[in-house]
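Colleague: Starting off with a structure, shown below.
Coordinate-derived values only; no laboratory data. The structure presented is a predicted model; accordingly, all values stated were derived computationally and were not measured. Please note: Cβ atoms are built from the backbone with ideal geometry, for glycine as well, and neighbour counts cover all protein chains shown.
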Amino acid sequence: MTTTPQTPPAPTEPTSNLEPPTIPLHLRLFTNLFAIPLMAAATAFFGCISLLCGLWDRSGRQQHFVARIWARTLLRISFSPVQVIGAEKLRNAPTAVYASNHLSYMDTSVLFARLPFQFRILAKGGLWKVPFVGWYLNRSGQVPIHSGSPRSMIAGLLRGVHALQSGMPLVVFPEGARSPTGNLQSFASGCAFMAIRAQVPLIPLALVGTYQLLPIHTYSLRPRPLKIIVGDPIPTHSLTTRDADALTAQLFTEITRLYHQHSDPS
């Protein structure tokens with residue numbers, strides 16, 4: 001018998017007092033005159049290639065390869081190199097749920113650019129209704145999640161479990177939305193639920209620097225080095241879905257620890 005994943009109470013997180021940065025004029029000009037036009041052109045170009053690949057690639061593997069090149073291009077345009085700390089843990093990456101904090105629109109680009117294996121993401125089901133975007137998501141094998149009701153949410157999580165059982169890793173943002181402050185928000189327990197049901201590890205990832213690069217509700221880039229910190233896998237082989245909330249709290253604590261351990265003091 002399964003239980004409906006719930007959002008556990010968020011553990012207390014150390015205060016980092018991140019404020020939306022003041023953007024200097026030269027960075028606003030850089031963004032508006034250079035970065036945004038090039039990013040839009042790159043997105044259109046690689047999007048067309050990906051849609052073409054979707055005509056014959058039902059597995060989504062070629063489209064993932066195109067997405068990786070697109071993501072690396074966006075990071076080059078933004079002059080923001082990415083360092084992966086703990087990269088050795090990804091060399092023979094197991095099928096697992098990779099759970100990351102969510103700070104910025106650039107998070108997805110960072111993960112696509114630097115995670116060295118095929119994976120699929122959980123995305124809001126409403127995106128499947130958007131012309132071209134929905135067609136791409138469907139053809140590339142991404143997993144829709146609907147939050148309208150417990151039944152529809154469970155159905156989406158079970159689609160994620162099926163992907164894991166077929167050998168495809170999943171990347172998830174347990175917060176469900178970008179942080180408005182740079183601090184971690186409470187985690188929904190869906191990623192823990194999927195990891196337990198599929199009996200695969202839950203692997204914490206901490207992104208550092210993307211909030212400062214492009215915070216929520218800000219449309220100017222602040223180029224900087226970025227980091228992905230890979231935590232140790234959290235096993236699930238002895239757990240049941242009743243342990244999902246406790247596992248989620250453990251994940252929150254670990255990602256918080258990794259984030260603050262590797263953040264630059266400011």
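Colleague: What are the aspartates and glutamates whose alpha-carbon lies under 17 Å from the alpha-carbon of Lys124, with same-chain residues fewer than 8 places away excluded?
Modeller: Asp107, Glu175
Colleague: Sticking with this structure for a sec: When Trp135, Trp128, Trp70 are ordered from fewest to most other Cβ atoms inside 10 Å of their Cβ, what list results?
Modeller: Going from sparsest to densest Cβ surroundings: Trp135, Trp128, Trp70.
Colleague: Which shape class applies to the range 143-261: rounded if a/c is under 1.5, otherwise prolate when a/b exceeds b/c and oblate if not, where a ≥ b ≥ c are the square roots of the Cα gyration tensor eigenvalues?
Modeller: The shape class here is prolate.
Colleague: Each residue of the range 139-145 in turn: what ³J(HN,Hα) in whole Hz from Karplus with 6.51, -1.76, 1.60 and θ = phi - 60°, glycine and Pro shown as x?
Modeller: Each residue's phi maps through the Karplus curve to give 6, 8, x, 5, 10, x, 10 Hz.
Colleague: Could you give the DSSP H helices of the chain that reach 18 angstrom or more along their long axis (alpha carbon positions) and whose average Kyte-Doolittle hydropathy is no lower than 1.6?
Modeller: On the way: long enough: 36-53 (25 Å, 2.03); 61-77 (24 Å, -0.15); 150-165 (22 Å, 0.42); 244-262 (27 Å, -0.22).
TM-like helix candidates: 36-53.
Colleague: What FRET efficiency would be calculated for the residue pair Arg28, Arg159, taking the C-beta separation as r and a Förster radius of 51 Å, to the nearest 0.05?
Modeller: Calculated value: 0.80.
Colleague: Let me ask something else about it. Suppose every Lys and Arg Cβ carries +1 and every Asp and Glu Cβ carries -1, with no other charges. What dipole size does the range 79-262 come out with about its Cα centre, to the nearest 20 debye?
Modeller: That gives a dipole near 440 debye.
Colleague: Now, a different point. Within the chain, what is the longest stretch that has no trypsin sites (Lys or Arg not before Pro) placed in a DSSP loop and near at most 15 other beta-carbon atoms within 10 Å? Write out the running numbers ahead of the final one.
Modeller: On the way: sites that count: Arg58, Arg91.
The longest uninterrupted stretch comes out as 92-266.
Colleague: Also, quick follow-up: So how far, in whole Å, is the C-alpha centre of the range 245-261 from the one of the range 150-176?
Modeller: 20
Colleague: Based on the alpha-carbon gyration tensor of the chain and its eigenvalue square roots a ≥ b ≥ c, which shape applies: rounded if a/c is under 1.5, prolate if not and a/b is larger than b/c, or oblate? Numbers along the way, then the final one.
Modeller: Numbers: a/c = 1.70, a/b = 1.18, b/c = 1.43.
Oblate.
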